[in-house]
Structure formats: C-alpha cells, structure tokens
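Report on the following structure.
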Number of protein chains: 2
Amino acid sequence: MLAFVLDEGPPRLVYDRARPEPVEALVRVRTVVAGICNTDLELARGYMKHRGVLGHEFVGVAIDGVFAGRRVVGGINFGCGSCDACSRDLARHCANRRVLGILGADGTLAEEFLIPEANLVEVPALVSDCVAAFAEPAAAACEILEQLGSVAGRDALVLGDGKLGCLIAQVLVSDGARTTLVGHHLHGLDWLAECGIRLAPEARAGARFDLVVDATGSPHGLAGAIEACAPRSTLVLKTTVAGRHEIDLAPLVINEVNVVGSRCGRMEPALERLADGRILVEPLIDARMPLASVEVAFAAAAKPGVRKVLVEVG
Amino acid sequence: MLAFVLDEGPPRLVYDRARPEPVEALVRVRTVVAGICNTDLELARGYMKHRGVLGHEFVGVAIDGVFAGRRVVGGINFGCGSCDACSRDLARHCANRRVLGILGADGTLAEEFLIPEANLVEVPALVSDCVAAFAEPAAAACEILEQLGSVAGRDALVLGDGKLGCLIAQVLVSDGARTTLVGHHLHGLDWLAECGIRLAPEARAGARFDLVVDATGSPHGLAGAIEACAPRSTLVLKTTVAGRHEIDLAPLVINEVNVVGSRCGRMEPALERLADGRILVEPLIDARMPLASVEVAFAAAAKPGVRKVLVEVG
C-alpha cells in the first residue's frame, strides 16, 4: 500500500508498504482523511526518534471489530492495559504505551493502519470528513478544560496563531473566557474575531492574564508567556519542542504561577464541539492533497503561516 | 544602631545606621532574633539588586501601635493597599510591593526596623524566640498546603535537605503524605525519620511521585525533580535561583505535570504548627550569634550542610 514513512533521512512516500494484519486488541482502519501536525514536522527533525509511518490525525472507516464499516476517529495512545495508569483510564499516560505515528506504532498517513478498538469513537453523521479529521487536535485543545475545569470569566491569552492556537482560543471563548489570540500570521482570521476572540499581533506590554496558553511551538514563546502571567495565574504548556531551552524560572516562583503541561485529550468533547460549531475548522484548511502528493503536502505544512494541510487518502 | 547592610561589595556590619522613624502605616519593631535565609545569600550575590539592611526572618517586640510591647512575627510583603491584589488580601502579589529586607525596604538584621502593622501577628506565649524566628520559612512551607489543599495519602518527594526542605517535609508528613526527603547532608536528621519521613541520599532511579517539591536551591535540582514526576503529578517550585537555566520542558507537557510556583505564606498556620510540634525546628539551628558577629554568622550560613544560623539581637 501507499504510506508516508520516516526512516533514515527525510520522510518519503513508499508504494510497497505491507498492509497491516489485525492482531489482538488492534483493529484495522482504512484512512479517509489524515491531517499533518506540527508534531509530525518535529518527528521528521528527530523528536522521539520515531521510525515508521507518520501521521496521527485521522478520520477513517473501521475494517474490523464492532465499528466495522463505521466512520471513526480515535485516541492515539496504545496503553499496555494492565498498569496503574491504564486501570485509571489514562492509557495516554501508560509508561509502556505506544503512540500512533509517534512512538512504536505505524501512523495514519497510509491507506490502512492499526489501532486499539477501545480507542475508537464513531463520528456523528453531520460532521464531514474534513472536519472530523480535526478531532485529535481539537481534543488536545479541549483537554485544557478537562485539566482546569471551567474558564468562564477568566482573562485568557493564547500565544500562537497556528492551528492549535486557533482551536484553543475557540474552546476558551466558547466556555466564557475573555480571550485574546496573539500571533504573527493573523491574516485570514477575521472569522475568529466574529467568535468574540480579540486578535493582536503581540501582547500589550505590561498586560497580565489569569490564564496564558503557550501554543507557539517555539522555545521563545515561553519567555513571553511567563511575562504575561498575573500573580497566581495559570500557564498552560501546549508546545512540545524537542531539546533543552534556557528560561528564567524565578518569575514563576515569585508570582506563584501554576504551570500545567497539557497534551492529548478525549475525543468525545471534541466531536461535540466540532458538531455544534463551537469549534470551527474549515477556515484553517489551507490545502487538501491526495496521499500520492504527501511529500508536497508535508513541505507545504512546514511553511510559515500555513495552518492545516489535509491528506485525502480514500 | 547596629545593622547588616548590603551596598556595593559584600554586606557588612555598620555601627551608625540611623534608627527608623515610624511613618504612616509602618510601625517600629525591635528585633529579638533574626534568621539568615538562602535568599539573603542570593541577595548578597546580586539577586533583586537589593540595597539596604538585609534580613526578613524575625521575631521582635513591637514598639508602636496596637502590638506595642508584644512579641510579634510578620509577613514580609508591603502592599500598596489599593490595587486589585491588595484588595484580595494578596499584598504579597502587589505589583508595587516592597519586601522586607529584599526589595525597597530595610530588613531585620538590625536593632530596629519598620513593617506595616497589618502584617504583624502576635506570637503565642509557649513559642520560644528561637522557634518563632522560623515563622517566615515555616509559613513558606505551609503555603504549599494553601495552594494544593490537603496532600493526605499522596506520595511526596522533597528534594533538598536544607532548612526549607526539612520544614516542607514536616508539613507534608504531618498532613498525611507518604514523604521522602532527598539530600546530600542527611547527617543529624534522624529526628525527621522519627517523624515518619523517609530519608534518602538520592531518589530511587525510576521512582515516580504524585507530588515533588524542589527545594534544592540549585538550578540542577529541577532536572531531577522533573524526572521524578509521575504522569499528572504536581511539581512545586520552592527555589528562587537568580538567572536563566537550561531545562527540557517536554516531559512536563508529555506527563501533563502541574507545576506550582510557591513563595511566601501566611503566619497563622505556621505559628500553629510551631506551637503544637507538627513543625520542629530546634534541631535545624546550627549556630546562634550576636548581631555584632553577623558577618561571621553570614559566612557560616553559606557553608554547605549548615542549616539555620540565628542572629540574637536583643
């Protein structure tokens, strides 16, 4: 089958990848649409040392199991099923987990892939394929509410106007936070202003917020984020940047800031919001390309100011 | 009067410092015992660029106001009294605050000093002067409970067996946490083991904790602290280290760690615990010296393995 594979050197399209065989709790899914994520770009640069098929954002049709023939999205962490984290329904924190397209498991930028049946969630009929393909990043955005509870009435600052920042700002504003989105590529984001999000090229000097989210994807973002934190505020880290970075931690201690690392989330709250329009994603789509053009799609996704590139597989 | 003053060069004892005059909301306190804190050592190295009398740990006797003649301890932050933080009883987060012996206000390593009357709390009769002198660092330790709520039943790791680490470990174990204290100077800490605290020269490789407190006072402490954090655990930063440090933040995001900066606390919970023995401090006292010998005391406090040096003023 066609698959986009990371091995030595840059990832490349191969034509003869063996189709996966269903094993134990894993079922096959036929990919319909897969998204390219910043994490994929980081993986190609060496993050997590992943080898294999890339891709973890998807909507597909299950081939095996109880969802056979149904459109599905799914959580990307494959827990061991027996540890303490797995028993608390936190497979995404299982120490022995594999992660779809990221760690020890082939991903979704291929005609088919394997995933634990327990990870799958059926997509409501009224959610289109291209919208459903955002379930994974939308779930990552919703995870902030799962971790913090309601943010209604808080002054929130989201740093980074990439696709994740745009999703997070929508989740916060629809939960009732006064939300400012800061970034350098605000062109074409007027629709976010219509959702009540304040757009700004940079945070006002000296402005302090109750809730700051770093979604810049850049090591430099964190310094600005720390500076914008009011005393006793919450700083959510949504950025996975490989490697070590220099930061001054003293302001976090002096201002008693609560820093929350935040990663993947559950599919259900994301699908709900994608279905009822609290999260809009269509304006984030810059390009759709077939799997045969995935190398071009990957290069496009890496360009500054480009948000979501979707790969249409089948 | 005698005072220990930081100006250009290392701090020194002066004999002719003018006695402070009471102004507006500030009252005079005659210092009885003052403690030397790691923050004082950091200030002498340039942290906060403080100029003036050093010292912020104290027990004294109020000269003016409603506490005149009474033994008092007190909060060290002088809020502006009119901002949002001050109106929420969070003077310690007032953006325009001065801080006793740390920022814009002469400190306690002198015969007398000034402090807002509202900051003072009377010391119960059964608490001795040398014990009461620990009210400020004990309050900083208790602040963790104020921020996190109860820690009963949690697996806690305290990194750093200096005085603050020893206070924090006692606060956590007396609240019901299974508490391990890790440090390189465990000699003489058997009394902590008798309180139920597990002592270890280093964290067991691979061990993960629900609650990790970095009280090492060292930039290297943080890396070990991050490593010991279980998924969805809490990491409390108790260390104020001047300057920028290199850290790898990815594990905080991947493990969704909640990082809590933590600083000063309220006096009342600290005095309660010092009075009823939940916090023991006498074994932490390595030396007591008169104010005339404060330069020797300061040098002693900087030695590795030395915990608390108290300066007896009057």
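The values are calculated or read from the model by the stated rules, or taken from the named source; none is laboratory data. Everything quoted here is computed from the prediction, not taken from an experiment. FYI the Cβ positions are ideal-geometry reconstructions off the backbone, even for glycines, and counts take in every protein chain you see. These accessible areas exclude ligands, DNA and RNA; they are computed on the full protein's heavy atoms, side chains included. Shrake-Rupley method; radii C 1.70, N 1.55, O 1.52, S 1.80 Å.
Listed here are the residues, each with its yes/no results for (1) out of contact with any Phe, Trp or Tyr (no Cβ under 7 Å at 6 or more places or on another chain); (2) part of a helix (DSSP H, G or I).
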residue: B:G196; (1), (2): yes, no
residue: B:V213; (1), (2): yes, no
residue: B:A225; (1), (2): yes, yes
residue: B:S233; (1), (2): no, no
Review point. In segment A:254-307, which residue that is in contact with a Leu (Cβ under 9 Å, 6 or more places away or on another chain) and polar (S, T, N, Q) is modelled with the lowest pLDDT?
Key: A:S262
Check your understanding: Among (1) open to solvent by 10 Å² or more (accessible area, probe 1.4 Å); (2) in contact with a helix residue (DSSP H, G or I) (Cβ under 7 Å, 6 or more places away or on another chain), where does A:A68 come up short?
Key -> (2)
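Quick one: which of A:G81, A:G60, A:G55 is among the small types (G, A, S), assigned to a loop (DSSP other than H, G, I, E, B) and more than 17 Å from A:V309 (Cβ to Cβ)? If you could, list the steps in order and put the result at the bottom.
Values: A:G60 fails: assigned to a loop (DSSP other than H, G, I, E, B); A:G55 fails: more than 17 Å from A:V309 (Cβ to Cβ).
Within the list A:G81, A:G60, A:G55, the selection yields A:G81.
From the list A:T239, A:T216, exactly one residue is hydroxyl-bearing (S, T, Y), under 14 Å from the mean Cα position of the chain (by Cα) and either open to solvent by less than 10 Å² (accessible area, probe 1.4 Å) or at the interface with another protein chain (Cβ under 10 Å from one of its Cβ atoms) (or both). Which is it?
Criteria check complete, one pass: A:T239.
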Practice item. Identify, by number, the condition in (1) within 14 Å of chain B (Cβ to nearest Cβ); (2) at positive phi that A:A223 doesn't meet. Key: (2)
Review point. So which residues in segment A:35-61 are at positive phi and open to solvent by 20 Å² or more (accessible area, probe 1.4 Å), if there are any at all?
Key: A:G46, A:M48, A:K49
Check your understanding: If A:S233 satisfies every condition in (1) within 14 Å of chain B (Cβ to nearest Cβ); (2) of a type outside the set (A, V, I, L, M, F, W, C); (3) under 25 Å from A:A132 (Cα atoms) but one, which is the exception?
Key -> (3)
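Conditions tested, residue by residue: (1) closer than 23 Å to B:M289 by Cα; (2) without any contact (Cβ under 8 Å) to a residue 60 or more places away in the chain; (3) among the acidic types (D, E).
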| site | (1), (2), (3) |
| --- | --- |
| B:V32 | yes, no, no |
| B:G35 | yes, no, no |
| B:L41 | yes, no, no |
| B:G46 | no, no, no |
| B:I63 | no, yes, no |
| B:F67 | no, yes, no |
| B:R70 | no, yes, no |
| B:D84 | no, yes, yes |
Review point. Is there a residue being of a type in the set (D, E, K, R), more than 14 Å from chain A (Cβ to nearest Cβ), out of contact with any Ser or Thr (no Cβ under 9 Å at 6 or more places or on another chain) and open to solvent by 60 Å² or more (accessible area, probe 1.4 Å) anywhere in segment B:72-85?
Key: no
Exercise for review: Could you please let me know if A:L274 is more than 11 Å from chain B (Cβ to nearest Cβ), part of a helix (DSSP H, G or I) and farther than 24 Å from A:K49 by Cα?
Suggested key: yes
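Considering only segment A:247-266, I want to know if a residue exists there that is within 14 Å of chain B (Cβ to nearest Cβ), acidic (D, E), farther than 30 Å from A:N77 by Cβ and assigned to a strand (DSSP E or B). If you could, list the steps in order and put the result at the bottom.
Initial filter on segment A:247-266 (within 14 Å of chain B (Cβ to nearest Cβ)): A:247-266.
Subsequent filtering for residues that are acidic (D, E) retains A:248, A:256.
In the following step, the residues that additionally are farther than 30 Å from A:N77 by Cβ were identified as A:248, A:256.
Still in the running and assigned to a strand (DSSP E or B): none.
Scanning segment A:247-266 turns up no residue that is within 14 Å of chain B (Cβ to nearest Cβ), acidic (D, E), farther than 30 Å from A:N77 by Cβ and assigned to a strand (DSSP E or B).
Conditions (1) part of a strand (DSSP E or B); (2) of a type outside the set (K, R), marked per residue:
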site	(1), (2)
A:E8	no, yes
A:L13	yes, yes
A:R30	yes, no
A:T39	no, yes
A:G65	no, yes
A:A95	no, yes
Practice item. Report yes if B:A205 is farther than 27 Å from B:K303 by Cβ, more than 10 Å from every other protein chain (Cβ to nearest Cβ) and modelled with pLDDT under 90, otherwise no. Key: yes
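Only one residue in B:E202, B:E112, B:E146, B:E117 is closer than 30 Å to B:L13 by Cβ and open to solvent by 50 Å² or more (accessible area, probe 1.4 Å). Which one? Outline the logic, then answer.
Working: B:E202 fails: closer than 30 Å to B:L13 by Cβ; B:E112 fails: open to solvent by 50 Å² or more (accessible area, probe 1.4 Å); B:E146 fails: closer than 30 Å to B:L13 by Cβ.
Every option except B:E117 fails the conditions.
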Review point. What's the number of the condition B:A118 fails, among (1) within 14 Å of chain A (Cβ to nearest Cβ); (2) in a helix (DSSP H, G or I)?
Key: (1)
